Amino acid sequence: MPIRPARRITDTSPKNFGMFAKAVGRTGDLIHLELGMPAEDTPQHIKDATIAALQRGAVHYSDLQGLPELRSALADKLRRQNKLDVTADNVLITNGLTQGSFAAFMAFLDHGDEALLLAPYYPQHIGKAELAGAKVTIAPLDAENGFSINRALIEPHITSATRAIALINPCNPTGRVYTRDELQVIADLAQEHDLLVISDEVYEEITYDATHISIASLPGMKARTISMFAFTKAYAMDGWRLGYVVADSDLMGPLMKITTNEVTHVNTFIQHGALAAVTGDPSILAGMVARDRTRRDLVIGRLNQMPGVTCATVEGTIYAFPDITATGLTAQNCADRLLEETGVVVEAGSFYGDAGEGHLRVCFGCAEIDVLTDAMDRMQRFFNGL
Ligand SMILES: Cc1ncc(COP(=O)(O)O)c(C=O)c1O
């Protein structure tokens with residue numbers, strides 16, 4: 001008899017890797033703009049601090065919640081920058097944001113609960129909610145209104161079983177950075193319906209013409225929000241797998257029950273690198289975001305010159321989300337044809353739910369200017385020829 005996997009495996013939607021899965025292993029002249037993998041290198045002072053920690057023997061088990069000095073530096077940053085009234089005890093270091101959000105879904109959702117996602121959504125949240133035994137419900141935001149948060153579009157999807165709402169701010173894939181008024185809509189709904197907010201803020205540092213606000217800083221929200229951050233995007237540390245979760249003390253115990261059973265704690269010596277990132281010269285981070293801004297301006301400017309394509313400005317993140325409805329192509333068909341006919345790999349907006357149909361997600365933060373220019377030239381020729 002074959003060994004049977006657990007029901008939590010067979011009952012969970014298969015993880016879909018979208019265009020990445022179609023492009024991987026292909027040879028030829030491909031330009032990969034489908035994954036959010038930063039083009040920048042991790043800053044040298046972060047590497048140096050990590051190597052120094054390794055050399056001086058930071059190779060043993062350490063604090064289960066994360067290095068106290070790192071959590072303390074992060075608490076300073078969270079008080080100053082995110083306006084969150086927290087101490088080091090409210091910070092849990094995780095293996096990327098991914099582990100933090102897994103812990104959040106696993107620790108607070110039961111069988112029979114519903115987790116509400118705003119669409120376009122981040123597909124990974126579906127698998128996590130389902131592994132926790134919950135049912136995923138979707139509130140589609142409206143492209144016509146720039147994917148803004150609108151109470152009338154969300155509230156009808158809240159039922160007596162809804163336990164949590166997942167928020168991504170700044171939003172992958174739309175590039176929106178939500179205003180205080182938009183966040184207040186989520187805060188009001190969460191308080192009225194007694195919901196937990198699972199707030200993914202992985203792009204908090206990468207904003208251009210907008211200010212990122214942490215929803216947990218709104219009145220009444222700290223006790224019902226799990227805020228999740230990572231070093232991944234802003235510091236180009238995606239391969240390091242380093243993030244952190246911020247939660248009230250009542251929520252921290254359940255989260256740690258998941259993480260300690262799963263991994264005990266995060267690698268000790270790389271946490272010293274994270275400390276160098278948080279306490280380092282802020283102009284290094286600012287320089288990286290400035291280079292992303294140049295990439296953004298190039299890509300959005302070029303996309304808007306292509307027939308049938310319109311692209312709203314991107315307030316944050318490293319993605320453009322152009323509307324291609326006027327071409328008459330579906331998002332998937334367009335992404336497939338771009339791969340086949342031009343070698344440019346972008347993600348179909350429908351990968352992020354039906355609300356993303358008619359759009360492409362183009363990562364501008366994952367390539368240097370000459371590569372982006374080549375990709376835009378190829379896309380221009382493709383759209384000219386339709
Ligand atoms: C919205 C969002 N959340 C989480 C992640 C994953 O973050 P990490 O690599 O820190 O686990 C990504 C990566 O693209 C993302 O876009």
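Values quoted throughout were computed directly from the atomic coordinates according to the rules given, and no laboratory measurement underlies them. No experiment lies behind these values; they were computed from the predicted model shown. Note that we place each Cβ from the backbone using ideal geometry, even for glycine, and neighbour counts take in every protein chain shown.
What are the membrane-span-like helices in the chain by this rule: whole DSSP H runs, Cα extent along the axis at least 20 Å, mean Kyte-Doolittle hydropathy at least -0.5? Don't skip to the end; give the middle numbers.
Values: long enough: 249-263 (21 Å, 0.10); 282-303 (31 Å, 0.04); 369-384 (22 Å, -0.22).
Result, helices passing both filters: 249-263, 282-303, 369-384.
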statement: Amide H proximity to Lys135 below 5 Å, modelled H, separation 5+ or other chain, gives Gly112, Asp113, Glu114, Ala115
Residues whose placed amide H lies under 5 Å from that of Val202, excluding near-sequence neighbours: Asn169
query: What relative contact order, as a whole-number percentage, does region 282-381 give when Cα pairs under 8 Å and 6 or more residues apart are counted?
result: 29
query: Using the alpha-carbon centroid of each, what span in Å lies between region 353-370 and region 311-337?
result: 6
Ranked list, fewest to most other Cβ atoms within 10 Å of each Cβ, for Phe383, Phe364: Phe383, Phe364
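Under the definition of Cα pairs under 8 Å and six or more residues apart, what whole-number percent is the relative contact order of the chain? Before the final figure, lay out each step's value.
Numbers: 772 pairs, mean separation 94.2, N = 386.
Averaging sequence separation for qualifying contacts and normalising by length gives 24 percent for the chain.
Assuming a ≥ b ≥ c are the square roots of the Cα gyration tensor eigenvalues, decide whether region 112-165 counts as rounded (a/c under 1.5), prolate (otherwise, with a/b larger than b/c) or oblate.
On the way: a/c = 3.74, a/b = 1.55, b/c = 2.42.
Oblate, because a/c is 1.5 or more while a/b does not exceed b/c.
Taking the Cα centre of the chain as the origin, how large is its charge dipole in debye, to the nearest 20, when only Lys and Arg (+1) and Asp and Glu (-1) carry charge on their Cβ atoms?
On the way: 33 positive and 47 negative charges, 135 e Å.
Here the size comes out at about 640 debye.
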- line: With no solvent term and unit scatterers on the alpha-carbon positions of the chain, Debye gives log₁₀ I(q)/I(0) at q = 0.12, 0.14 Å⁻¹ of -0.95, -1.27
Gain on full stretching of the segment that runs from Val263 to Asp181 - 0.36 nm per residue minus C-alpha separation: 25.7 nm
field: CD proxy at 222 nm, helix term only [per DSSP H run n ≥ 4: -39500 (n - 2.57); per residue of the chain; nearest 500]
entry: -12000 deg cm²/dmol
Local net charge near Met37, Cβ-Cβ under 11 Å (Lys/Arg +1, Asp/Glu -1): -2
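Can you check what the net charge comes to around Asn150, using other residues whose Cβ is under 10 Å from the Cβ of Asn150 (Lys, Arg +1; Asp, Glu -1)?
Values: positive: Arg151; negative: Asp142, Glu155, Glu182.
It works out to a net charge of -2.
Return the percentage of antiparallel bridges among DSSP beta bridges fully within the chain, rounded to the nearest 5 %. Walk me through the numbers on the way to the answer.
Values: 15 of 36 bridges.
If we restrict to bridges inside the chain, about 40 percent are antiparallel.
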query: If we count every other residue with Cβ under 14 angstrom of His193's Cβ, Lys/Arg +1 and Asp/Glu -1, where does the sum land?
result: -3
message: Given contacts defined as C-alpha pairs under 8 Å and at least six residues apart, what's the relative contact order of region 106-159, whole-number percent?
response: 36
